[in-house]
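The values are calculated or read from the model by the stated rules, or taken from the named source; none is laboratory data. Just so it is clear, the model here is predicted, and its values are computed rather than measured. Please note: Cβ atoms are built from the backbone with ideal geometry, for glycine as well, and neighbour counts cover all protein chains shown. Side chains are part of the model used for accessible areas, which takes the heavy atoms of the whole protein and leaves out ligands, DNA and RNA. Shrake-Rupley method; radii C 1.70, N 1.55, O 1.52, S 1.80 Å.
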Amino acid sequence: MPLRDLSKEELYLPGSAACAGCGDGIALRIALKALGKDTIFTVPACCTSVIESSYPNTSFGIPVMNIAFAASAACASGIRAGLRRQGKETQVVVWAGDGATYDIGVASLSGAWERETDFLYICYNNQMYSNTGIQRSGATPFGAWTTTTWKGKEESEKDMIAIAMAHHLPYIATATIGYPEDLHRKVQKAKSIPGPKYIEILSPCPPGWRYDMSKTVEMSKLSIATGVWALLEVEEGNITFNGRSKAILEGKIKPKPVEDWLSGQGRFAHLFKPKRDEERIKKFEEIIDQKWQRHREGKL
Amino acid sequence: MREIFTTISRPVKGATEKTGQWRTFKPLLDKKKCTRCLRCWILCPDGAIQRNEDESVEINLEYCKGCGICANECPVKAIRMVREE
Amino acid sequence: MKLIMDTANHIAGEAAKAARAEVVAAYPITPQTTVVEYIQKLISNGEFDADFICVESEHSAMAATIGASATGVRTFTATSSHGLLYMHEMLHWAALARLPIVMVNINRTIGPGWNIWADHQDSMAQRDTGWLQFHCGSNQEVFDTVIQSYKIAEAEEIQLPIMVNFDAFILSHTSMPVSIPDQPVIDKFLPKRKPVWKLDSSDPLTHGNIIPPDPYLEIRKSMQESQDKARDLIRTTAEEWKKLTGFWHGGTVEEYRAEDADLVVLAMGTLGSEAKVAVDRLRKERIKAGVFRIRSFRPFPIDEIKKLSEETKLVVVDKALSFGGEGVLYSEVKSALYGRKNEIFGWIAGLGGKDVSWQDLVQMVKAVKDGKAKPVNWQKGGKGAITGFI
């Protein structure tokens, strides 16, 4: 859908408490344009719970239920049931960070998926606990500095899409804020499908990733161009790639060097300074290469 | 409902404040260069770029936090960032 | 009115049905399981029109209940022991969100080691969550209290969740005759919930965002004011129920032969019922004993306890302990009577389900009467039900 056809209505209002250049802000605006007014959010502890701004004001033009860190998907099951009793077909959406999704809330998310709650779970993934001051999460990539991985994380992130797939959801997608039409389309599609849906939006974070705040969208697009992140959809268990990621998969374009992505972020600075850490840069590249190798075999 | 009963908040523009005061650099739009592609509008993290009926855009400096994403993403470089005085 | 013979757990399910709860979310834990099973059976038979959410944990049970309640519908859940402990964070959430959820908690002790018998350590550990906490002494009281709880919780000036406690196995799995009033009587007593706030896309609000210290303190204060107001409402609601059905279990307290008593036993749950048997025996021996069975632990019936004469000696029997402090009920009673001359004696008894019989209670009262009791005493461990004191 061309940008001019996207709704003019702003359901995430200007003047919020978000950091300047916040990727989550972009994700919220685009997703809410696809979701529309008849939507209820439930939000666990995460950046979004701060972005809402302070009582008695809120930056959200739709109902938002804040809930404890581990509990958003369970809360969504309750909201859905309550609405169903009243014959309401309002979209129920969890909007959660990667900490709530990959780590503390993964059990309640798995539960809501298994009981086939009709809701859309959106994880805006900034690859760390940004809200609490940049700690390592299950989504933090190998090598990244955080305040709990001072010398760089030693492990890779877990594969949340594979976890979602293991629940046989009718719709799973990844997106990133640098491709607004794609993100909008995927949210719209999810909205049209009953049952549990999962969308993960890579959402760069200037203070966490340590790049200039004007580069949030550039960093998002670079994540796709380097193949660090892939745009994909999973329907009925079939994985399809789209946009630039499809072209990379089919060998129509060569991905940019992963190093471009790493070197643009202060959180990977220790891989380049004071001395180039060949071994870890190579390992990072291998992780990405192996991922694309699997993708070419039709796997995640 | 009693005034203070539980944490119930109502939607309002500028819920935190007029966030324009956060800015160090201000976006300046050259309307002649603008092709009305709307990328700045959709990519503004704060919804501080208004979209007019004719698809021209205007920057709402009351709320613009000065991140510079619009200037960075404008395909025709119609927006540039200048230091606030 | 229909007379049935059933366990307190099934009766709790009947009460949720009679209250027309619309959403039930629960996770199984012994000895609560038969509540969940029974409700599921009623729903699948089409006898109970509710949505049941089978959650994957108690934390999620309360989160789902909160979510449903926030849309404005009436909700019910049930748990016990470790399940209640696992819910702890969400109990605070429900109360601060002012959601009139009703939950039954089957009082069971805490492990390790694993032990499924009754004591009150589980609910006592939730004392400060903002929930109203009631304790029942019979299956009839379980039914009546669940119905009354919705009315109290949903009152405009209260808007707080209520935990209806009853003892594991002693009630949960014991069949007793219970009279269930006709549905129109219950419907008249308990009309449809009128939510004070709700999630509704035609009237957007954000619940629970960041709140600065000043209004936060005010919200906490309003919760305390609602708890304080509930004392009268608990009594008047029970009186209204009595007029409609004839059943009466007391207001915040059930008083038994206490008007002229020199010695009053204070206890909760079935221990309070057992105390009535002990008092009847003591009265036969011309010992003027009475019972204050605390029905409402939160709000604590300070006003009722203060009505006792300053000459009355109090025998407080706790099935829970605040380690490094003392019996929880004992502390509460002492606090309520601050500045009064009453002599107050505490017993820690029945932990981990150790039987506390009327014989034990008789001995406790006699020990106080004979000046042999210390301020704080323990039921003796080991075989038999012989009470000693240390």
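Consider residue C:315 carefully, then state whether it is in a helix (DSSP H, G or I) and open to solvent by less than 20 Å² (accessible area, probe 1.4 Å).
Working: in a helix (DSSP H, G or I): no; open to solvent by less than 20 Å² (accessible area, probe 1.4 Å): yes.
No: the conditions fail for residue C:315.
Just one of the numbered conditions (1) closer than 30 Å to residue C:185 by Cα; (2) open to solvent by less than 10 Å² (accessible area, probe 1.4 Å) is not true of residue C:273: (2). For beta carbons closer than 6 Å, sequence separation of 6+ or different chains, a first residue in region A:150-165 that is open to solvent by 10 Å² or more (accessible area, probe 1.4 Å) and a second that is part of a helix (DSSP H, G or I) and of a type in the set (A, V, I, L, M), the qualifying pairs are A:156/A:287. Out of C:229, C:242, C:221, one residue alone is more than 14 Å from chain A (Cβ to nearest Cβ) and within 20 Å of residue C:297 (Cβ to Cβ). It is C:229. Residues of region C:235-249 include at least one that is under 22 Å from residue C:6 (Cβ atoms), in contact (Cβ under 8 Å) with a residue 40 or more places away in the chain, part of a helix (DSSP H, G or I) and of a type in the set (A, V, I, L, M, F, W, C).
Would you check if residue C:323 is part of a loop (DSSP other than H, G, I, E, B) and either open to solvent by 10 Å² or more (accessible area, probe 1.4 Å) or among the aromatic types (Phe, Trp, Tyr) (or both)? For residue C:323, the condition - part of a loop (DSSP other than H, G, I, E, B) and either open to solvent by 10 Å² or more (accessible area, probe 1.4 Å) or among the aromatic types (Phe, Trp, Tyr) (or both) - is met. Look at (1) facing chain A (nearest Cβ under 9 Å); (2) in contact with an Asp or Glu (Cβ under 8 Å, 6 or more places away or on another chain); (3) closer than 18 Å to residue C:298 by Cβ and you find that residue C:107 fails only one, number (1).
A single entry from A:136, A:85 fulfils the requirement of being more than 14 Å from chain C (Cβ to nearest Cβ) and open to solvent by 40 Å² or more (accessible area, probe 1.4 Å): A:136.
Residue C:78 meets the conditions (1) surrounded by fewer than 22 Cβ atoms within 10 Å (Cβ to Cβ); (2) modelled with pLDDT of 95 or more in every case but one. The failed one is (1). Within region B:19-64, if we keep just the residues that are assigned to a loop (DSSP other than H, G, I, E, B) and among the small types (Gly, Ala, Ser), the residue that is farthest from residue A:17 (Cα to Cα) turns out to be B:56. Of A:17, A:27, all but one fail to be modelled with pLDDT of 95 or more and open to solvent by less than 10 Å² (accessible area, probe 1.4 Å); the exception is A:27. Residue B:47 satisfies every condition listed in (1) at the interface with another protein chain (Cβ under 7 Å from one of its Cβ atoms); (2) at positive phi; (3) open to solvent by 60 Å² or more (accessible area, probe 1.4 Å) except (3). Reported count of residues in region A:41-75, each being open to solvent by 10 Å² or more (accessible area, probe 1.4 Å) and either modelled with pLDDT under 95 or within 7 Å of another protein chain (Cβ to nearest Cβ) (or both), is 8.
With region A:30-139 as the region, which strands (runs of 3 or more DSSP E) entirely inside it contain at least 3 residues that are more than 25 Å from residue C:197 (Cβ to Cβ)?
On the way: elements: A:39-43, A:64-66, A:91-97, A:119-125.
It comes to A:119-125.
Given the criteria within 14 Å of another protein chain (Cβ to nearest Cβ), over 17 Å from the mean Cα position of the chain (by Cα) and open to solvent by 20 Å² or more (accessible area, probe 1.4 Å), does residue C:27 qualify?
Numbers: within 14 Å of another protein chain (Cβ to nearest Cβ): yes; over 17 Å from the mean Cα position of the chain (by Cα): yes; open to solvent by 20 Å² or more (accessible area, probe 1.4 Å): yes.
It is true that residue C:27 is within 14 Å of another protein chain (Cβ to nearest Cβ), over 17 Å from the mean Cα position of the chain (by Cα) and open to solvent by 20 Å² or more (accessible area, probe 1.4 Å).
Output the number of residues of region A:1-15 satisfying the condition of being facing chain B (nearest Cβ under 7 Å) and in contact with a Pro (Cβ under 9 Å, 6 or more places away or on another chain).
In the first step, residues of region A:1-15 are kept if they are facing chain B (nearest Cβ under 7 Å); the result is A:3-4, A:6, A:8, A:10, A:12-15.
Adding the requirement that they be in contact with a Pro (Cβ under 9 Å, 6 or more places away or on another chain) leaves A:3, A:6, A:13.
Of the residues in region A:1-15, 3 are facing chain B (nearest Cβ under 7 Å) and in contact with a Pro (Cβ under 9 Å, 6 or more places away or on another chain).
Would you check if residue C:339 is in a loop (DSSP other than H, G, I, E, B), free of Cβ contacts under 8 Å to residues at least 40 places away in the same chain and either outside the structural domain of residue C:111 (by TED's automatic domain parsing) or not hydroxyl-bearing (Ser, Thr, Tyr) (or both)? It is true that residue C:339 is in a loop (DSSP other than H, G, I, E, B), free of Cβ contacts under 8 Å to residues at least 40 places away in the same chain and either outside the structural domain of residue C:111 (by TED's automatic domain parsing) or not hydroxyl-bearing (Ser, Thr, Tyr) (or both). A residue that is open to solvent by less than 40 Å² (accessible area, probe 1.4 Å), closer than 30 Å to residue C:197 by Cβ and more than 9 Å from chain A (Cβ to nearest Cβ) occurs nowhere in region B:9-19. Restricting to region A:259-276, name every residue that is surrounded by fewer than 21 Cβ atoms within 10 Å (Cβ to Cβ) and assigned to a helix (DSSP H, G or I). A:259, A:260, A:263, A:266, A:269, A:270 - these are the residues of region A:259-276 that are surrounded by fewer than 21 Cβ atoms within 10 Å (Cβ to Cβ) and assigned to a helix (DSSP H, G or I). Going through (1) of a type outside the set (D, E, K, R); (2) at pLDDT 95 or above; (3) open to solvent by 40 Å² or more (accessible area, probe 1.4 Å); (4) more than 19 Å from residue A:47 (Cα to Cα) one by one, residue B:22 falls short only on (4). For region C:170-218, the candidate set comprises residues that are hydroxyl-bearing (Ser, Thr, Tyr), at the interface with chain A (Cβ under 10 Å from one of its Cβ atoms) and not in a loop (DSSP other than H, G, I, E, B); within that set, the residue that is nearest to residue C:37 (Cα to Cα) is C:206.
Taking the numbered list (1) within 26 Å of residue A:66 (Cβ to Cβ); (2) surrounded by 24 or more Cβ atoms within 10 Å (Cβ to Cβ); (3) among the β-branched types (Val, Ile, Thr) in turn, residue C:104 passes all entries but (1).
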